Amino acid sequence: MNNFELLMQGFHTAFSLINLTVAIGGGILGLLVGATPGLGGVTGVALLLPMTFKMDPTTAIIFLSAIYFGNMYGGAYSGILLNIPGDSPAVMTALDGYPMSKQGKGGKALFAANVSSFVGGTFGIITLTIFGPVLANIGLKFGPAEITALILLALTSIGWLLGEEFSKGIVAAALGILLSTIGIDSMAGGMPRYTFGTVTLMGGISFIPLVIGMFGMTQVMELMKTKEKDSLTTGRRLSVRESLLDKSDVKRISLPILKGSVLGNFIGFLPGAGGTAASFLAYVFDKKTSKHGKDMGKGMIEGVAVSESANNAAAVGAFVPLLCLGIPGSATAVVLFGGLMMWGLQPGPLLFVEQSEFVWGLIGSMYIGNVACILIGLMIIPFLMSILKIPKGIIAPMIVVICIVGAYSINNSMFDVWFMIGAGVIAFILKNNNYPIPPILLAFVLAPMFEQSIRRAFTISNGSPLIFFQKPISAVLLGLTIFFLLSPLLVSVITKRKNRICEEKN
Amino acid sequence: MELVIILAEIVLSVIWIVLGLQYGFWEGGRPESGFIGVIFGTIVLVIALIMGLRLLIRKDLKISFQFNKSSAIPVLAAVLCVIFIYLFGIVAAVFLFIALWMRFISKYAWKKTIIVSLIFTLFVYGVFRLWLHVPFPTGIVVELLL
Amino acid sequence: MKRMIFSAILVLFVAGFGFANGQTEEGADSYPSKTIEFVVPASPGGGSDTLGRLLTDIIQKNDLVDGNIVVVNKPGGASAVGQQYVLGRDGNYTLFTMNAAHALAARANSGIDSMKFTPVAAVAMDNVLFLTGADSGYRSIDDVVSAAKGKPNQLTVGVADNLDQLCVAQINKSAGIELKGVYYDSASESNAALLGGHIDFSIANPNECIGQVRSGDIVPLATFNNERLEAPFADAPTFQELGYSDVEFQMFRSVMGGAGMSEEVQKFWSDVFAQVVETEQWKTQYIEKKMLDPKFMPADEYGPYHRQAAKRLQQDAQDIGLFD
């Protein structure tokens with residue numbers, strides 16, 4: 001039996017009234033959890049897992065994959081509407097999504113986010129269906145040296161992303177990296193670093209309070225600065241019709257979606273990478289390789305499209321090493337798989353052979369979950385848009401409350417709440433002095449992966465940097481990094497020379 | 001303000017470099033705990049010094065940062081809300097917080113204030129406590145009452 | 001008038017939600033008289049979390065305790081953050097999960113006097129395996145030792161925590177070789193590195209590698225337990241069989257009580273967990289699924305065991321210079 005027939009059989013298992021109901025229910029729950037700051041992704045799925053204990057296996061898988069997809073979709077919503085990203089990949093979505101909301105194009109941004117999520121996710125599922133095992137093995141080729149080179153490429157590109165002043169962008173990114181070093185160093189016998197003698201800091205800084213403070217709190221502070229008593233969108237009337245994408249929008253977003261899907265999906269295969277690295281690299285890639293690049297970050301629909309499609313493609317990509325090799329590619333996938341294992345399933349290379357009915361049922365239910373989510377996602381746009389119409393005097397305290405409760409719930413800790421408020425104040429001051437905030441958060445997310453892989457690589461090579469150049473993949477990636485670092489210099493040299501030639505001619 | 005930020009960056013990066021060197025930079029052919037901290041601390045230090053020097057030379061110490069009083073409202077309010085949480089627990093604090101803000105900062109009528117706060121509080125309680133089982137703390141006052 | 005209505009609503013509110021938060025009236029003689037907190041000093045989804053939630057679930061489903069139990073995740077600092085939190089709670093109403101790795105996190109926990117906690121019961125033992133990739137060329141521990149003899153600090157072992165690092169140190173000491181530990185975040189990550197050929201060996205619990213072992217992609221070379229395990233690990237000899245008599249390790253998973261838990265309460269919980277490990281749900285969903293040793297130790301046995309195990313782990317760690 002070929003893959004296609006197996007998939008059809010999977011659909012056959014999946015289609016029933018109860019399963020479809022559950023898919024829609026799971027999608028709604030997932031969307032809500034994903035959109036709630038502080039509960040996105042891992043925590044959300046972990047908390048909802050017990051609900052599946054009483055279901056039969058197929059129903060439970062469909063429920064879980066609908067939740068999983070719902071999460072991916074939902075993370076973008078609060079980022080677009082309130083500038084509080086629901087999870088870390090949504091930081092990139094908020095970059096363009098929130099400015100769009102302010103320009104009164106929030107509905108379009110939501111619509112584009114849904115469509116891109118759907119296409120990215122579907123792309124991921126199709127590659128999983130066709131090429132799964134082959135791709136998983138390519139992912140394995142990425143060892144410490146290759147991952148180091150990949151993250152280095154990402155980190156150096158943070159510099160050019162955003163911000164008028166190059167040096168401030170670099171400082172912001174470096175500060176994010178410094179923050180990430182706080183806490184216990186798991187690679188050296190558990191040495192506490194930069195904790196200044198406190199136990200609270202030993203666990204390190206959690207991303208969620210940081211992002212809620214730096215985006216959400218500063219958001220309210222900015223909001224109070226303006227005089228008007230209006231809603232977030234400064235009073236523009238919003239209609240559902242406006243949120244529909246017209247022909248030119250579709251044309252604008254189709255190439256970014258393709259880029260995001262392919263790149264995001266690939267990064268999802270890599271062990272230990274994940275949605276954030278995927279949406280970030282795809283965004284930078286699109287910014288560098290397209291005409292609209294220079295306007296990205298100011299409310300371009302392309303930015304929303306590329307980051308959401310990459311994020312969802314990566315989320316499905318993470319299933320490839322999981323199903324084909326038994327190696328989870330993301331934290332959420334781990335929790336989800338924990339749930340799937342309740343039915344005696346053993347992750348590993350034999351899964352496709354021994355439990356093919358189950359695996360194809362899962363893949364089938366991914367298609368169903370994804371379709372359920374886009375339907376729900378599109379239907380709730382009007383409700384979401386009504387949030388934008390709430391007057392400032394009511395929405396401002398509500399955002400503050402969501403910031404506080406969200407920061408509290410991630411670790412059930414009041415320290416995180418204080419930290420969130422402090423991060424908000426600092427980010428507000430930095431922002432008003434032209435320091436870009438997103439690089440801090442992105443560097444913070446990527447830095448631990450960078451530190452661990454560079455230290456692993458040097459441990460393996462006994463301190464010899466040759467390891468990075470002997471391996472073809474990392475050599476190419478490092479070459480690209482150096483090229484991108486030097487390219488602004490080269491460009492300026494070339495333009496100067498051109499100018500000189502022109503002057504001489506004159 | 002620019003200068004204050006730069007000074008803070010210098011202090012921070014020096015702390016990271018000094019502690020990082022204590023944690024170990026490179027030992028026995030492999031990077032140690034302080035490796036990343038020292039490298040990126042140095043990057044911050046160097047750039048901060050250059051930016052600082054440029055500022056001093058240009059003498060354009062113009063104060064670009066205008067502090068707007070209303071920007072402080074959310075921060076003070078958030079601090080107040082946290083104090084409420086310690087006193088009354090999260091649920092009551094949320095209600096009080098929204099109600100006070102709507103009444104005294106946004107100047108809505110009492111009726112609307114209470115209805116909106118009540119609905120929103122129930123929403124928060126429903127989503128976080130009942131559905132997601134986040135253990136909400138009860139405040140000191142509540143514990144005394146019971 | 002408005003103000004009065006307002007205060008009335010407020011009072012109702014405070015009282016209503018205070019009650020809803022699970023506070024019951026004091027004064028009843030029987031234990032427990034208020035909500036019990038089960039602290040998981042790790043994030044949702046991990047091994048400690050699974051254990052904490054499963055234990056709570058079984059207790060509630062079988063009505064083993066007449067009261068409400070809530071699971072509270074306090075991740076961070078290799079359990080230090082969670083333990084610090086427990087110290088600040090009512091010892092009689094707080095339980096938390098413990099395992100050998102957490103007991104070893106001495107340096108992180110240096111600010112916490114772990115002897116203040118009350119040992120309640122050990123619920124299971126986990127085994128540890130020494131693995132290699134199918135195409136690595138190593139077929140036995142002898143192959144490993146003879147290959148490593150010639151080149152100290154060349155061969156690499158993926159380790160996920162300090163316990164694994166201790167296991168590597170045991171082999172090194174016993175066989176007179178120098179294998180090099182490379183830290184990974186989890187055993188599944190180090191298994192991925194093993195499959196990709198980036199490292200030579202890896203250390204994992206049975207449930208972390210069973211899929212790849214059954215498919216033949218990963219080969220178990222030996223087990224740290226002193227008895228052979230069941231299939232598909234039955235071919236892997238114990239280190240003791242191979243003549244490395246001082247290479248031996250098993251990891252305990254247990255439940256501890258807060259500081260100052262009274263002896264009656266300690267006994268109460270020890271009895272509760274003795275009932276838990278007899279349930280079908282526990283056997284199928286935990287022991288079988290995770291391929292654990294179903295060894296239960298009540299409080300009076302686990303107390304001395306815990307103290308001794310913790311001490312030995314610290315000593316071993318110091319001996320190999322883990323905390324330098």
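The values are calculated or read from the model by the stated rules, or taken from the named source; none is laboratory data. In this text, all values refer to a predicted model and were calculated from it rather than measured experimentally. Neighbour counts are summed over all protein chains in view; Cβ atoms, including those assigned to glycine, are modelled from backbone coordinates with ideal geometry.
Could you say which residue among A:Ser167, A:Ser101, A:Ser116 is among the hydroxyl-bearing types (Ser, Thr, Tyr) and without any contact (Cβ under 8 Å) to a residue 40 or more places away in the chain? Walk me through it before giving the result.
Numbers: A:Ser101 fails: without any contact (Cβ under 8 Å) to a residue 40 or more places away in the chain; A:Ser116 fails: without any contact (Cβ under 8 Å) to a residue 40 or more places away in the chain.
Checking each option against the conditions leaves just A:Ser167.
Scanning the range A:422-433 for residues that are at the interface with chain B (Cβ under 8 Å from one of its Cβ atoms) and not small (Gly, Ala, Ser) returns A:Val425, A:Phe428, A:Ile429, A:Leu430, A:Asn432, A:Asn433. If you go through the range A:251-270 one residue at a time, do you hit one that is at pLDDT 75 or above, farther than 30 Å from A:Ala145 by Cα and either surrounded by 22 or more Cβ atoms within 10 Å (Cβ to Cβ) or within 16 Å of the chain's Cα centre (by Cα) (or both)? Yes: the range A:251-270 contains one or more residues that are at pLDDT 75 or above, farther than 30 Å from A:Ala145 by Cα and either surrounded by 22 or more Cβ atoms within 10 Å (Cβ to Cβ) or within 16 Å of the chain's Cα centre (by Cα) (or both).
The set of residues in the range C:169-192 being in contact with a Lys or Arg (Cβ under 8 Å, 6 or more places away or on another chain) and over 20 Å from C:Tyr244 (Cβ atoms) consists of C:Val182, C:Tyr183, C:Tyr184. Considering B:Ser13, B:Ser33, the condition of being part of a helix (DSSP H, G or I) and either over 28 Å from the mean Cα position of the chain (by Cα) or among the hydroxyl-bearing types (Ser, Thr, Tyr) (or both) is satisfied by B:Ser13 alone.
Kindly indicate whether any position in the range B:32-54 is of a type in the set (Lys, Arg) and more than 7 Å from every other protein chain (Cβ to nearest Cβ). Break it down stepwise before answering.
To start, the set of residues in the range B:32-54 that are of a type in the set (Lys, Arg) comprises B:54.
Applying the additional criterion that residues be more than 7 Å from every other protein chain (Cβ to nearest Cβ) yields B:54.
There is at least one residue in the range B:32-54 that is of a type in the set (Lys, Arg) and more than 7 Å from every other protein chain (Cβ to nearest Cβ).
Residues of the range B:106-140 that are of a type in the set (Ser, Thr, Tyr) and in a helix (DSSP H, G or I): B:Thr113, B:Ser117, B:Thr121, B:Tyr125. Search the range C:145-160 for residues that are hydrophobic (A, V, I, L, M, F, W, C) and pair each with any residue that is loosely packed, with under 14 Cβ neighbours inside 10 Å when their beta-carbon atoms are under 9 Å apart and the residues are at least 6 apart or on different chains. If the second residue must be loosely packed, with under 14 Cβ neighbours inside 10 Å, the pairs left are C:Val145/C:Gly176; C:Ala147/C:Gly137. Within the range C:252-273, does at least one residue satisfy the condition of being more than 21 Å from C:Leu163 (Cβ to Cβ), within 14 Å of another protein chain (Cβ to nearest Cβ) and either surrounded by fewer than 14 Cβ atoms within 10 Å (Cβ to Cβ) or without any contact (Cβ under 8 Å) to a residue 40 or more places away in the chain (or both)? Taking every residue of the range C:252-273 in turn, none turns out to be more than 21 Å from C:Leu163 (Cβ to Cβ), within 14 Å of another protein chain (Cβ to nearest Cβ) and either surrounded by fewer than 14 Cβ atoms within 10 Å (Cβ to Cβ) or without any contact (Cβ under 8 Å) to a residue 40 or more places away in the chain (or both). On inspection, C:Ala160 does not qualify as farther than 28 Å from C:Pro237 by Cβ and in contact with a helix residue (DSSP H, G or I) (Cβ under 7 Å, 6 or more places away or on another chain). The requirement of being facing another protein chain (nearest Cβ under 8 Å) and touching a residue at least 24 places away in the same chain (Cβ under 8 Å) is fulfilled somewhere in the range B:58-71, by at least one residue. The number of residues in the range C:68-92 being facing chain A (nearest Cβ under 9 Å), on the phi > 0 side of the Ramachandran plot and assigned to a helix (DSSP H, G or I) comes to 2.
Within the range A:405-424, can one find any residue that is part of a helix (DSSP H, G or I), over 26 Å from A:Thr156 (Cβ atoms) and in contact with a Lys or Arg (Cβ under 9 Å, 6 or more places away or on another chain)? Before you say what the answer is, go through the steps one by one.
Kept after step one, since they are part of a helix (DSSP H, G or I), are these residues of the range A:405-424: A:405-411, A:414-424.
In the following step, the residues that additionally are over 26 Å from A:Thr156 (Cβ atoms) were identified as A:405-411, A:414-422, A:424.
Now narrow it down to the ones that are in contact with a Lys or Arg (Cβ under 9 Å, 6 or more places away or on another chain): A:411.
Yes, the range A:405-424 contains at least one residue that is part of a helix (DSSP H, G or I), over 26 Å from A:Thr156 (Cβ atoms) and in contact with a Lys or Arg (Cβ under 9 Å, 6 or more places away or on another chain).
The single residue among C:Ile177, C:Ile199, C:Ile171 that is buried (at least 23 other Cβ atoms within 10 Å of the Cβ) and either more than 9 Å from chain A (Cβ to nearest Cβ) or among the basic types (Lys, Arg) (or both) turns out to be C:Ile171.
Filter the range C:299-324 down to the residues that are of a type outside the set (A, V, I, L, M, F, W, C), touching a strand residue (DSSP E or B) at 6+ places or on another chain (Cβ under 7 Å) and buried (at least 16 other Cβ atoms within 10 Å of the Cβ) and list them by number. Don't jump to the end; show me each part of the working.
Our first condition is that a residue be of a type outside the set (A, V, I, L, M, F, W, C); within the range C:299-324, this holds for C:300-308, C:311-312, C:314-316, C:318-319, C:321, C:324.
Cutting the leftovers down to touching a strand residue (DSSP E or B) at 6+ places or on another chain (Cβ under 7 Å) gives us C:302-303, C:305-306.
Within the range C:299-324, C:Tyr302, C:Gly303, C:His306 qualify.
Scanning the range A:200-218 for residues that are β-branched (Val, Ile, Thr), modelled with pLDDT under 80 and over 16 Å from the mean Cα position of the chain (by Cα) yields one hit, A:Thr200. Which of the residues belonging to the range C:113-156 are assigned to a strand (DSSP E or B) and among the charged types (D, E, K, R)? Passing the criteria: only C:Asp126. On the given criteria, is B:Ala99 more than 8 Å from chain A (Cβ to nearest Cβ), part of a helix (DSSP H, G or I) and touching a residue at least 40 places away in the same chain (Cβ under 8 Å)? Against the criterion (more than 8 Å from chain A (Cβ to nearest Cβ), part of a helix (DSSP H, G or I) and touching a residue at least 40 places away in the same chain (Cβ under 8 Å)), B:Ala99 does not qualify.
If you go through the range A:256-293 and keep only what is out of contact with any Asp or Glu (no Cβ under 6 Å at 6 or more places or on another chain) and over 26 Å from A:Gly132 (Cβ atoms), you end up with A:Tyr283, A:Val284, A:Asp286, A:Lys287, A:Lys288, A:Thr289, A:Ser290, A:Lys291, A:Gly293. Within the range B:16-28, the residues that satisfy the criterion of being within 11 Å of chain A (Cβ to nearest Cβ) and in contact (Cβ under 8 Å) with a residue 12 or more places away in the chain are B:Trp16, B:Ile17, B:Leu19, B:Gly20, B:Gln22, B:Tyr23.
Checking the structure you have, find out if any residue of the range A:113-135 is away from chain C (no Cβ under 14 Å) and on the phi > 0 side of the Ramachandran plot. Reasoning before the result, please.
First, pick out the residues of the range A:113-135 that are away from chain C (no Cβ under 14 Å): A:113-132, A:134.
Keeping just the survivors that are on the phi > 0 side of the Ramachandran plot gives none.
No, that holds for no residue.
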